[in-house]
Amino acid sequence: MTSIGTALNPYAQYGSAYARAAATPSLAATLSGDGSEGDLSTPNAATTHTLSDAARAQLAKAPLADFTTVTNDARTTLDRLYTAAGVKAPIVDGKTTIDLSSLDRRALFAISTNNGGKFTPDEQAVAAGELKQRFNTALAPSLATTRLTGDYSVSYKAALDYLDGASPEERATATWAAQRAAVLKGYQATQQDPHTAPSAISGDPVAALFAGTTGPTKIRDFGSVANDVRAFLDRQKSEAARNGKELVFDRGRKTGQLADLSSLDNRSLSAITLNQDKRFSVDEIHAAKQELSARTRAAVLDALKQSQSAGDPRQFSLGILKTYSAMSAEERQATNWTPEFQDTAIKSYKSTSRLLSILRQHA
């Protein structure tokens with residue numbers, strides 16, 4: 001049997017380089033720079049999954065709140081949203097009047113299933129729509145990666161992880177069981193042939209996404225994102241002033257209250273970094289760049305670890321492509337992840353796949 005190890009991984013040389021890096025390298029450096037060779041000789045992971053990584057992570061979390069409490073809190077949140085929006089129902093003249101983004105998945109499930117009989121049919125419909133949208137959004141980067149590489153296992157694995165992240169109440173439903181069975185069947189099919197789309201699987205939500213039978217994901221106006229971030233930073237400044245301190249952005253400062261950007265998503269950090277409307281200071285921009293750099297480095301390292309743990313040299317390319325696909329145009333601009341970087345990752349994935357195919361034929 002021919003051994004498939006480090007020699008076949010075009011990214012193996014970057015393992016030690018990333019571990020040593022004091023500053024975040026660009027993706028160009030990641031894909032073409034020099035470094036010492038890492039060890040990717042970990043045996044292949046089993047293809048039969050009884051419990052996904054997402055499910056294990058869910059089980060490792062702190063004990064869940066009582067579902068009745070979740071339901072009551074959801075009812076309170078809906079009423080508060082109505083008051084803030086100046087409406088009395090979630091749908092008026094066929095249009096949604098409130099934003100449910102502040103509710104977590106379990107609360108949305110409580111509403112969509114009318115737990116405790118506390119929710120109207122319109123509230124159930126809006127919550128169900130939000131849940132469907134979140135599934136679509138969670139799968140979008142993996143779907144894009146599949147379209148770029150032709151590897152369907154990426155999308156089915158992402159769907160399996162998302163479903164396994166459901167609450168115990170959701171997992172107890174026939175709908176969840178049917179969806180997971182369909183996705184698992186599709187995933188198992190991709191383990192035999194990742195480049196052929198699974199077919200003839202009843203209720204397959206991934207196939208429905210590829211067929212374009214679901215609605216598009218809504219992207220918020222970038223100017224509005226910048227407005228929110230400016231208000232977010234101003235609130236921190238006000239809090240620091242109330243404490244008699246200056247809000248600072250340099251971790252090396254020994255005085256002042258250090259700004260916390262950890263709760264901002266990458267698009268919000270990009271709004272600061274790009275500073276299109278000249279709303280942010282030099283210190284704020286520098287801090288946002290540092291945070292984005294740290295997250296970029298973590299994403300690339302995670303892709304590298306996936307490649308190592310799976311013993312599959314293609315996983316690094318796939319991880320890079322998933323990260324790229326998950327970015328908005330503004331995020332790519334802020335981090336300098338260009339289309340050329342994407343093209344390089346695609347070529348590396350395809351060339352590695354061809355090499356693996358040849359070796360298997362001669363094994």
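The values are calculated or read from the model by the stated rules, or taken from the named source; none is laboratory data. Bear in mind that the values here come from a model prediction, so they are computed numbers and not experimental data. Cβ: placed from backbone, ideal geometry, glycine included. Neighbour counts: every protein chain shown.
Might you check whether a residue that is farther than 30 Å from ALA310 by Cβ and either part of a helix (DSSP H, G or I) or without any contact (Cβ under 8 Å) to a residue 60 or more places away in the chain (or both) occurs anywhere in segment 174-187?
The initial filter retains those residues of segment 174-187 that are farther than 30 Å from ALA310 by Cβ, namely 174-175.
If we keep only those that are either part of a helix (DSSP H, G or I) or without any contact (Cβ under 8 Å) to a residue 60 or more places away in the chain (or both) as well, we get 174-175.
So far as segment 174-187 goes, yes, one or more of its residues are farther than 30 Å from ALA310 by Cβ and either part of a helix (DSSP H, G or I) or without any contact (Cβ under 8 Å) to a residue 60 or more places away in the chain (or both).
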_Quick check on my filter: what residues within segment 216-249 are part of a helix (DSSP H, G or I) and more than 28 Å from ALA140 (Cβ to Cβ)?_
LEU233, ASP234, ARG235, GLN236, LYS237, SER238, GLU239, ALA240, ALA241, ARG242
*Might you let me know whether segment 89-105 holds any residue that is modelled with pLDDT of 95 or more and in a helix (DSSP H, G or I)?*
yes
*Would you pick out the residues in segment 152-172 that are more than 18 Å from the chain's Cα centre (by Cα) and in contact (Cβ under 8 Å) with a residue 12 or more places away in the chain?*
SER167, PRO168, GLU169, GLU170
*asked:* Anything in segment 225-248 that is aliphatic (A, V, I, L, M), under 16 Å from SER268 (Cβ atoms) and exposed (fewer than 14 other Cβ atoms within 10 Å of the Cβ)? List them, or say none.
replied: ALA231
_Qualifying residues in segment 133-189 (those that are of a type in the set (D, E, K, R) and in contact with a Pro (Cβ under 9 Å, 6 or more places away or on another chain)) - the one modelled with the highest pLDDT_ = LYS185
_Just to be sure before I move on: is LEU100 touching a Lys or Arg at 6+ places or on another chain (Cβ under 9 Å) and under 24 Å from ARG220 (Cβ atoms) in the structure I sent?_
no
*Is one or more of the residues making up segment 235-245 out of contact with any helix residue (DSSP H, G or I) (no Cβ under 9 Å at 6 or more places or on another chain) and either closer than 22 Å to SER155 by Cα or modelled with pLDDT of 95 or more (or both)?*
no
*SER293 in contact with a Phe, Trp or Tyr (Cβ under 8 Å, 6 or more places away or on another chain) and either surrounded by fewer than 17 Cβ atoms within 10 Å (Cβ to Cβ) or among the small types (Gly, Ala, Ser) (or both)*: no
*Does THR213 fit the bill of being more than 30 Å from LEU292 (Cβ to Cβ), of a type in the set (S, T, N, Q) and modelled with pLDDT under 90?*
yes
